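K.L.:
Quick one: this structure, given as C-alpha cells, is what I'll be asking you about.
The values are calculated or read from the model by the stated rules, or taken from the named source; none is laboratory data. The model shown is predicted, which means the values in this text are computed figures rather than measured ones. All Cβ positions, glycine included, derive from the backbone under ideal geometry; neighbour counts span all protein chains shown. Remember, those area values only see protein heavy atoms, side chains included, never the ligands or the DNA or RNA. Shrake-Rupley method; radii C 1.70, N 1.55, O 1.52, S 1.80 Å.
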Amino acid sequence: MPLTGTGEDGNAALLRSYEQLLVIRRCEERLQRLFAEGEVPGFIHLGVGQEAISVGVMSALGPADTLASTHRGHGHALAKGMPLDGFFAELLARDTGVCRGRGGSMHVADMSIGMLGANGIVGAGLSIATGSALAHKLRKNGQIAVSFFGDGALAEGLLHECGNMAALMKLPLLLVCEANGWSEFSPVSSQIAFDLAKWSEAYGIAYRKIDGNDVVAVAEAAAELTGLIRSGGGPALLTCTTDRWRGHFEGDAQKYRSSDEPAPRDPIVVAGEHLAAAGVATQRLTQIAARVESEIEEAIVAARAAPPARFDAALADVYTAASIGVAI
Amino acid sequence: MAQLRYGAAIGQALADAMQDDPTVVIMGEDIAGAGGSFGITRGLLDKFGPERVIDTPISEAAIAGMAVGAAMSGLKPVLEIMFMDFTTLAMDAMVNQAAKARFMFGAQVSVPMVLRTPHGGGLSAGPQHSQCLEAWFAHVPGLKVVCPSGPANAYGLLRAAIADPDPVVFVEHKGLYAMRDEVPEVLAPIPLGQAAVVRSGEHVTVVAYGAAVALAMQTAEQLASESISVEVIDLQTIQPWDEAAVLASLAKTGHLVVVHEAVEAFGVGAEIAARMAELGFSYLKGPIVRVGAPFMPVPFSAELEATYRPSVSRLIAAVRKALGKE
C-alpha cells in the first residue's frame, strides 16, 4: 500500500510509518546507551539509518506473512509488530523477553507475527525464508515470505542455492537486500564482484533498486513486488541502498572508515519532509515523538523489574517436553 | 507375520505418514521421478503428486534450511540427503538453525522435520560415500538421532520421527536396504528414546545400533556354543539414548561392550562407556570395551574396507576382553 495519498487515509499511513521509524530509531539509541552502560550483555548490531527498509517493506505485508531476518534485525522485528516490552526484556536477558532471555539481540523472534527470527549466521535467513515460502505455496494460504539480508551476504553460497530454488519453484518469496555498503569491516566493493540487477536477470527474478532511506519509495516498490509475488509471479528482489551509521557491532572502533564519507540521508528527516509536503503540522510529529519515547522508557522500566532468565526453564526447552525419551 | 525389506519399510512409513497427515512433505535430490538413489521413495510421486514429493536441485544447504523454514511455517518436511557424507553441506541448517530454534526462541516454536540419510560402508563407495557421522549430530543439543537395525524398527521409528515435534536425524544403513525380515501384521510407531533388548543373556551386555545389531546377534549365537550368554541391546535411538535400559542390563551382566561402525574415537561408544562408568561403576566386573572403526577414513578397496569395518571376530575378541578371557 503506498504511504502517500490524499485525504486522511494517505496521511494516516505515512504517520504510522513515521512513528515506526521513530520507534526503531529511539529503541536502538537507547540500546546503544544501555549497552555502553553495561546493562545489555553480548553483541548487538544496530541498524540506525536503515529503518526505512524495515518499515517500508512491512507496510506491504500482512500479519501472517513471514520474514527471516539477520544479525541486524531489531528494525525488522519492531516494524513487524514485536511488542516493546518483550523486545527490551529480551535484550536485557529477562524471563519475560520474547525468547525468555535465551536468544538476545541476534535472535529476537516472534512467531505470533510471522517474525521467524533474527539470525547470527550471515545468509542463513535466505533458506529459512525460502522454506517458509514453500510452506505458504503448498498450503495455498496466499501468504508470502520475506528474506532480509545485507550486501555482505551476497558472498554466501545460499544466495545462489535459494535464488535458483525459488525461481525454479516460483515461490512466493521477496528477497530484500539492505545495501549499506559494508561487509562487516570491509567495503562491499572489495568483497563482491557481481551486480544484483544482472544476477536477478540471470535467475529470471523480478528486480527493483530504490533509495532505501526513503520509506515512501521502499513502500511503493515493496507494494509493487509483493503484488507480483502474490499473483503467482514467483520471487522478486528489492535492493534498498542505505547507510550503516554505527559500526558492525556496538564497540566497533571503525578504524576502517574514512572521516570524509558523505553525510547519510536520515530516513526520519526524509519521512518528515513527505509529511510536511502533505500538510501535516510539525506539532503532530512532536506529539508522536513524545509518545514513542515514553512507551520505550516504560518498556525499559518493566524489563528492569522483570525476573532474570531461568536456567531450569531453559534446560527444559531444549526439546519439546512430550517427546523427550528415557534418560536418567 | 508379514515380511518386508528394510528399504520398503522406510518407503511404507513415508507413505503412511503422508496419508495420515497432509502437512508431511518429502523433498530431496532425485526422490520424486527417479524414486531416490536407493529407490526408497519409488511410487510416492504417483501417489501424492509433485507438491508433496519434491525433487530439488543439488543444493543440500538450501534444502536443509528450507526444511527448517517450512517446519516453522506449518509443514512437516522429511528431507533425504543422498549420502550421510553430504550432510556436511547441510550443517548450518541442522546445527545452528533446526537444533537451536526451539531453545533460542524461548519455546515459541518447534521444528518438526526429519533428515533421512544413509550411512555405512560395505559398498566400496570410498571415503566420501561411506561415513557414519551420527555422533556429530548426537553431540548437538536440540537434535534427535535415530538409527534402525531392521525393517520393523525402520518403519516404527520413522513414523515416530515424523510425528515428533523436534528435528530428527534418521540414519539408515545402505547395506541394510535389501534386508528382508519379519514385521508385525499391524505396523505402529516405536517411541523414540527406547532401546530394545533383542536377545536376553546373563554374562555380558553388547550395545549396538543399526547394522551392528546383526553383528552382535551373530556374535551372541557363536559365543552361546561356548556357554557365554550375551545380552544384545539395540539402541534404536542414539539421542536421547536409553540409559536406563543399558544400565539395567549392565546391572545384570556386569560386563559391557559397545559396537558401532563409526570411528571409535570420540564416538557414541565413548559416551555410553563414560556414562556407564559413572552410573554403573559398582556393577562393573571388568573393563568396558568398544568396537568401532579405526581412526582413518573409509577406504575404497573392498579388502581394506572389510578390515576397516567391525566384524564378528573383532566383536568376539572384544567380548572375551571384557570378560577377562583373552
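K.L.:
The stretch B:79-104: which residues show an accessible-area loss of 40 Å² or more, assembly versus chain alone, 1.4 Å probe?
P.N.:
SASA drop of 40 Å² or more in the stretch B:79-104: B:Gln97, B:Arg102, B:Phe103, B:Met104.
K.L.:
Further question: Relative contact order (percent) for the stretch A:1-156, with alpha-carbon contacts under 8 angstrom and 6 or more residues of separation? Each step should come with its number before you reach the end.
P.N.:
Numbers: 254 pairs, mean separation 33.6, N = 156.
With pairs under 8 Å counted, the relative contact order is 22 percent.
K.L.:
Other chains near B:237-243: what is the mean number of their Cβ atoms within 10 Å of each residue's Cβ?
P.N.:
Values: counts 2, 0, 2, 6, 3, 4, 4.
Per residue, the number of nearby Cβ atoms from other chains is 3 on average.
K.L.:
Give the relative contact order (percent, whole number) for chain B; include only Cα pairs under 8 Å separated by 6+ residues. Mind dumping the intermediate values first?
P.N.:
Details: 754 pairs, mean separation 52.8, N = 326.
Across chain B, relative contact order equals 16 percent.
K.L.:
Right, another one. Suppose all protein chains stay in the model; what accessible area per residue would a 1.4 Å probe give for the stretch A:7-324, in Å²? Kindly include the intermediate steps, with their values, before the conclusion.
P.N.:
Working: 12340 Å² over 318 residues.
Averaged over the residues of the stretch A:7-324, the accessible area is 39 Å².
K.L.:
Accessible area lost on pairing B with A, both sides, 1.4 Å probe, Å² to nearest 100? Walk me through the numbers before you get to the answer.
P.N.:
Working: alone 13540 and 14900 Å², together 24700 Å².
Counting protein atoms only, the buried area is about 3700 Å².
K.L.:
Now a separate question. B:Ser225 label point, 7 Å along Cα→Cβ, cut-off 20 Å on backbone N: hits in the stretch B:293-323?
P.N.:
Under cut-off, by backbone N: B:311-321.
K.L.:
Another question, if that's okay. In debye, nearest 20: dipole of chain B around its Cα centre with unit charges on the Cβ of K, R (+) and D, E (-)? List each step's numbers first, then the result.
P.N.:
On the way: 22 positive and 33 negative charges, 102 e Å.
The calculated dipole for chain B is roughly 500 debye.
K.L.:
Leaving ligands, DNA and RNA out of it, report the carbon-plus-sulfur percent of the accessible area of the protein assembly as shown at a 1.4 Å probe.
P.N.:
Details: 13750 of 24700 Å².
Carbon and sulfur: 56 percent of the exposed surface of the protein assembly as shown.
K.L.:
Across the residues of B:142-151, average count of Cβ atoms on other protein chains within 10 Å?
P.N.:
On the way: counts 3, 2, 4, 0, 0, 0, 0, 0, 0, 0.
Mean inter-chain Cβ contacts per residue within 10 Å come to 1.
K.L.:
Can you give the relative contact order of the stretch A:7-324 as a percent, counting alpha carbon pairs under 8 Å and 6+ residues apart? Don't skip to the answer; put the middle values down first.
P.N.:
Numbers: 604 pairs, mean separation 75.0, N = 318.
Here the relative contact order equals 24 percent.
K.L.:
Which residues among the stretch B:26-69 fall inside the zone where the amide N is under 18 Å from a point 7 Å beyond the Cα of A:Lys170, along Cα→Cβ?
P.N.:
Flagged as within label range: B:49-57.
K.L.:
Could you tell me which of rounded, prolate or oblate describes the protein assembly as shown, using a ≥ b ≥ c as the square roots of the eigenvalues of the alpha-carbon gyration tensor, with rounded for a/c under 1.5 and, failing that, prolate when a/b is larger than b/c and oblate otherwise? Don't skip to the answer; put the middle values down first.
P.N.:
On the way: a/c = 2.51, a/b = 1.98, b/c = 1.27.
In terms of gyration-tensor shape, prolate.
K.L.:
Evaluate peptide A:96-107: per residue, the Cβ atoms of other protein chains within 10 Å of its Cβ; return the mean as an integer. Show your work: numbers first, answer last.
P.N.:
Values: counts 1, 1, 3, 6, 6, 1, 7, 7, 1, 0, 1, 6.
What the average comes to for A:96-107 is 3.
K.L.:
What shape does the stretch A:7-324 have by the C-alpha gyration tensor, where a ≥ b ≥ c are the square roots of the eigenvalues, rounded means a/c under 1.5, and otherwise prolate means a/b greater than b/c and oblate the rest? Write down the numbers at each step before the final one.
P.N.:
Values: a/c = 1.31, a/b = 1.09, b/c = 1.20.
Note, shape of the stretch A:7-324 comes out rounded.
K.L.:
Each label point is 7 Å from the Cα along the Cα-to-Cβ direction; what then is the distance between the points at A:Ala289 and B:Ser282, in nm?
P.N.:
For A:Ala289 paired with B:Ser282, the spin-label model returns 7.3 nm.
K.L.:
For chain A, set up a GNM with springs between Cα atoms under 10 Å and report which of A:Gly81, A:Gly227, A:Gly279 has the largest fluctuation.
P.N.:
Of A:Gly81, A:Gly227, A:Gly279, the most mobile in the Gaussian network model is A:Gly279.
K.L.:
If you take every residue apart from B:Met1 with its C-beta less than 10 Å away from the C-beta of B:Met1, what net charge results, scoring Lys and Arg +1 and Asp and Glu -1?
P.N.:
Values: positive: none; negative: B:Asp181, B:Glu182, B:Glu185.
Result for the neighbourhood of B:Met1: -3.
K.L.:
According to the square roots a ≥ b ≥ c of the eigenvalues of the Cα gyration tensor, what is the shape class of the stretch A:9-136, taking rounded for a/c under 1.5, prolate for a/b larger than b/c otherwise, and oblate for the remainder?
P.N.:
Details: a/c = 1.74, a/b = 1.14, b/c = 1.53.
Note, shape of the stretch A:9-136 comes out oblate.
K.L.:
I want to verify a result. In a Gaussian network model of chain B, Cα cutoff 10 Å, which of these has the top mean-square fluctuation: B:Ser37, B:Ser110, B:Ser282?
P.N.:
B:Ser282
K.L.:
Continuing with this model, one more query. For the pairs A:Lys170/A:Lys209; B:Lys144/B:Lys325; B:Lys174/B:Lys321, note any where the Cα-Cα span goes beyond 32 Å.
P.N.:
Values: A:Lys170/A:Lys209 21 Å; B:Lys144/B:Lys325 37 Å; B:Lys174/B:Lys321 30 Å.
Beyond 32 Å between Cα atoms: B:Lys144/B:Lys325.
K.L.:
Here's a follow-up. Along the charge dipole of chain B, Cβ charges K/R +1 and D/E -1, which of B:Leu235, B:Gly121, B:Ala2 sits furthest on the positive end?
P.N.:
The one lying farthest along the dipole's positive direction is B:Leu235.
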